[in-house]
Every structure is written in C-alpha cells, then in structure tokens.
Amino acid sequence: MNIAESKSFFCKLGVHIQTWLFLVLAVLLLSGCKTVPIQDRNFAESSGFWEQDENMGVRFHHNASASDAVIGTLYASGKSVLLNGDQVKVSAPVKNNAFISSGMQSGARIEFKASDSTCSIRIDRFNAGKAYADTSSCLHDIETLHARIQAQNAVLQINVSQQQTSIMVLSGTIEVMTREDTGKFVVVRADQKITVTPDAIGQPHALGPDELWQRMRWREDFQLYKTVVDWRKVVAGVAIVALVAVAILFGKGRGGGGHSHGFPRHR
C-alpha cells in the first residue's frame, strides 16, 4: 500500500469510526437514563405546580402561550394517568390546553414551566377529587364544580365532591367566589378553610391542629418519579468506547504497514 492509498484508507476509516462512536454515544446516553423519585415534592418553580389525586381530571390553559406550546411537565404515579387520552408511564411534556386525568390508584403532578410576572394559568373542568397547588408567583385561576378560586403566591388544598368544594389555605391569601356570582368574593388567608356549595359561599374558619395534615395524607400514597441521566454510567461507557477505538486504530495501522511490506519492490 503506497502513501496515497494509506491516507485514503485512514480517512475512510476515521469517518466510519466517527459514525460508529456517535451511534455508541447515543446508545450510552439512552442506556444511562434512569428513573429516580422526586424527593422535594414541595419545591416550585416561578409558575408553581399542581398535584391531583385518583379518579379526577382537569384541563390547563396558559394565557401567554400558543396552543401547541409546552407549559410544563407531567409526572405520573400508577398505571392510569392519561394526557389527552394517552397513557403516561413516568413523565411527559404538557402542552397548552391539555386535559390530564388520573384513574384508580393513580396520581399526577404537573410542574409548570417557569414564566414571567404576567403568568396566568386557568385550571377548569375540575368536577371531583382532591388537588394540592403551589401557585408560586403565577396567578392560578381554578374553576371547580361550585367555585372559582384565584390564587397567587399561595399554597392550597382543594376537595371537590358533588355537593361542595372545600378549600384549605396553607400559606398566602386567595379569593373565592361561587360560579354563579363571580362579582362577590371572599378572602381566605393562611391556616383557614372555606366551603362553597352550588348556592352559597361560607365564611372562613380556622383550621384545626391536625385537620390539614389528615386531609393531605393522600399525597403520601403516590410515589412520583422523573427520568435523569446517570452521568457515571455514561462517562464509564465513553472511556470504554475510547479505549476500543484506540485499539481498532492501532490494530488497523499495524495491519496496513505489514501488508505493504509483503510486496516486492520495483526498481
């Protein structure tokens, strides 16, 4: 093999090895993914988060996003979490106007994408079930079967049955109205609860010492996971791939040199 042929051979070999390395690295990244529990369930980005219990569904609309824009991430617990009718096993991006339902022995968490100070999220079609919301700095406009709730910089729990909507405020201040009379609202502050029926809205009452935690125990029934990259596996895999690539190049180089010396020289 002459010098020109050797250069051509190694150039082609380099291209093939680069392609091979790219494919192997892609496989390593995918195989390096793992599911881990969401440890801090009370952490919220600037737009907040929403958690819902089993046997319920709600729709989410972000006022400042296009209809196909991603407004957050859904994390599923159980086998019956549906995003617009499609099952979600671990997590999935949530687009504007999405409807999320959680069936028997299933729960869901939606972490809303960080937004600016004008953020406003409307949550409706909430006709039954239990939900926990941390609005952070985003305005959440929540509509249940009986009530309309406006909350910002607040944490609250909502229980909806056929007869009434019960709201507990953990922190911050919210405004509550009946669906029929949105001109009249009641202010509910931290450590207070309020009940809304189809015809009337009650007055805020102080929460009992253990009442809040008793009503929030449903959140402990669901373990939520997210997918992350295990960089230790990826780095270890990359090191192995690099060693194999060097061995291939070294072996091809030695093989090419031995072959060229096997031909008689022409004078």
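Values as computed for the structure displayed
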read-out	value
Residue order, fewest to most surrounding Cβ atoms within 10 angstrom, among Leu74, Leu170	Leu170, Leu74
Distance in nm between pseudo-label sites at Thr118 and Val90 (7 Å out along the Cβ direction from Cα)	3.7
Net lengthening on full extension, Thr227/Ser137 (0.36 nm per residue, minus Cα-Cα)	29.8 nm
Relative exposure of Met177, Met168, judged by other C-beta atoms within 10 Å (fewest first)	Met177, Met168
Proximal charge balance of Ser65 [Cβ under 9 Å; K/R count +1, D/E count -1]	+1
Computed over region 37-226, Cα set: Rg, Dmax in Å	15.4, 44
Counted charge near Arg215, where neighbours are those whose Cβ lies closer than 14 Å (Asp, Glu -1; Lys, Arg +1)	-3
Sites matching GluC sites (Glu not before Pro) across region 111-204 that sit in DSSP coil, with at most 15 neighbouring C-beta atoms within 10 Å	Glu180
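Laboratory data are not the source of any read-out in this text; all were calculated from the coordinates shown. It should be emphasised that the depicted structure is a prediction, and the values quoted were computed from it without experimental measurement. Note that each Cβ is placed from the backbone with ideal geometry, even for glycine, and that neighbours are counted across all protein chains shown.
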